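Visitor: Before I ask anything, let me first share the structure, which is written out below as structure tokens.
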Amino acid sequence: MKKLTTADYPLAETRPDRVQGQRGKTLDEITLAAVLAGEVTMEDLRITPQALHDQAEIAADAGRATLALNFARAAELVAVPQDLIMSTYELLRPGRARGKQDLLDRAALLRDTHAAPAIAAFIEEAAEIYEKRGLFTTRY
């Protein structure tokens, strides 16, 4: 499949055929009438990993490598339970993790149980930096 470029942005206008919800509904199928008929659920409105990967391709084409990586990480998080995402967020706040191992354990959980290697690598990098900067003991 051809890589997306900045010419494809915004996808909803230039490539609506690529925009689908979790249950495969297209933008054309998400109407007020469909909502009122109960044919549209929250699953149809949630972002999908494919949509985030598409955005990553466009960001990379625009020379925004960091943004592209963030979209790729976000794609991994779509299937991760919300409570795990929020507890990971809390764990990453300075002074919340008791030590480096807490972050490494969380990274392993996300990699091994939730197939999130880019997020795991991000947390492992954070663990190294937090250790160097003493952020495990200082709570802000």
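Visitor: Roll a 1.4 Å probe over the protein chains and send me the accessible area per residue for the chain in Å². Show your work: numbers first, answer last.
Guide: Values: 8870 Å² over 140 residues.
Result: 63 Å² of accessible area for each residue.
Visitor: With n ≥ 4 as the cut-off for DSSP H runs, can you work out [θ] at 222 nm for the chain, using -39500 (n - 2.57) per run divided by the number of residues, rounded to the nearest 500?
Guide: -17500 deg cm²/dmol
Visitor: I've got another one for you. Find the all-direction average of the projected area of the Cα convex hull for segment 1-98, expressing the result in square nanometres with one decimal place. Let's see the in-between values first.
Guide: Details: hull surface 33.2 nm².
Quarter of the Cα hull surface area: 8.3 nm².
Visitor: Restricting to Cα pairs below 8 Å that are 6+ residues apart, what does the relative contact order work out to for the chain? Please round to a whole percent. Provide the component values of the computation, followed by the final result.
Guide: Numbers: 152 pairs, mean separation 25.8, N = 140.
Once normalised by length, the contact order is 18 percent.
Visitor: Whole-Hz ³J(HN,Hα) for each residue in segment 98-115, computed from phi via Karplus 6.51 cos²θ - 1.76 cosθ + 1.60 with θ = phi - 60°, x for glycine and proline: what do you get?
Guide: 6, x, 4, 4, 4, 6, 5, 5, 5, 4, 5, 4, 5, 6, 7, 9, 10, 6
Visitor: Additional query: Take the Cα pairs of segment 64-140, get the Kirkwood Rh, then feed it into Stokes-Einstein at 25 °C and 0.890 mPa s and tell me D in µm²/s. Walk me through the numbers before you get to the answer.
Guide: Working: Rh = 12.7 Å.
It diffuses with D of about 193 µm²/s by this estimate.
Visitor: Using the Karplus curve 6.51 cos²θ - 1.76 cosθ + 1.60 with θ = phi - 60°, work out ³J(HN,Hα) for each residue of segment 32-47 in order, rounded to whole Hz, and write x for Gly and Pro.
Guide: With coefficients 6.51, -1.76 and 1.60, one gets 4, 4, 5, 5, 5, 7, x, 8, 10, 10, 4, 4, 6, 9, 6, 5 Hz.
Visitor: Continuing with this model, one more query. Of the options L103, G63, Y89, report the single residue whose Cα projects farthest towards the positive end of the charge dipole of the chain (beta-carbon charges: Lys, Arg +1; Asp, Glu -1).
Guide: L103
Visitor: Springs between alpha-carbon atoms under 10 Å, Gaussian network over the chain: tell me which of A34, A74, A65 tops the mean-square fluctuations.
Guide: A34
Visitor: Once both axes come from the Cα atoms, what is the angle between helix 65-77 and the longest principal axis of the chain, in degrees from 0 to 90, rounded to 10?
Guide: 90 degrees
Visitor: When the Debye formula is applied to the Cα atoms of segment 54-97, each taken as the same point scatterer, what base-10 log of I(q)/I(0) results at q = 0.16, 0.18, 0.27 Å⁻¹?
Guide: Those come out to -0.54, -0.63, -0.84, one per q.
Visitor: Using a Gaussian network for the chain with springs between C-alpha atoms less than 10 Å apart, which of these wobbles most: A75, A107, A126?
Guide: Per the Cα network of the chain with a 10 Å cutoff, A126 tops the list.
Visitor: Go through segment 15-29 residue by residue and turn each phi into a ³J(HN,Hα) via Karplus (6.51, -1.76, 1.60, θ = phi - 60°); whole Hz please, and just put x for glycine and proline.
Guide: 9, x, 5, 8, 9, 9, x, 4, 9, x, 5, 8, 4, 5, 8
The values are calculated or read from the model by the stated rules, or taken from the named source; none is laboratory data. From a predicted model like this one, the values you see are computed outputs, not experimental measurements. Every residue, glycine as well, gets a Cβ built from its backbone with ideal geometry; the counts of neighbours run over all protein chains shown. Accessible surface areas use protein heavy atoms only, side chains included; no ligands, DNA or RNA. Shrake-Rupley method; radii C 1.70, N 1.55, O 1.52, S 1.80 Å.
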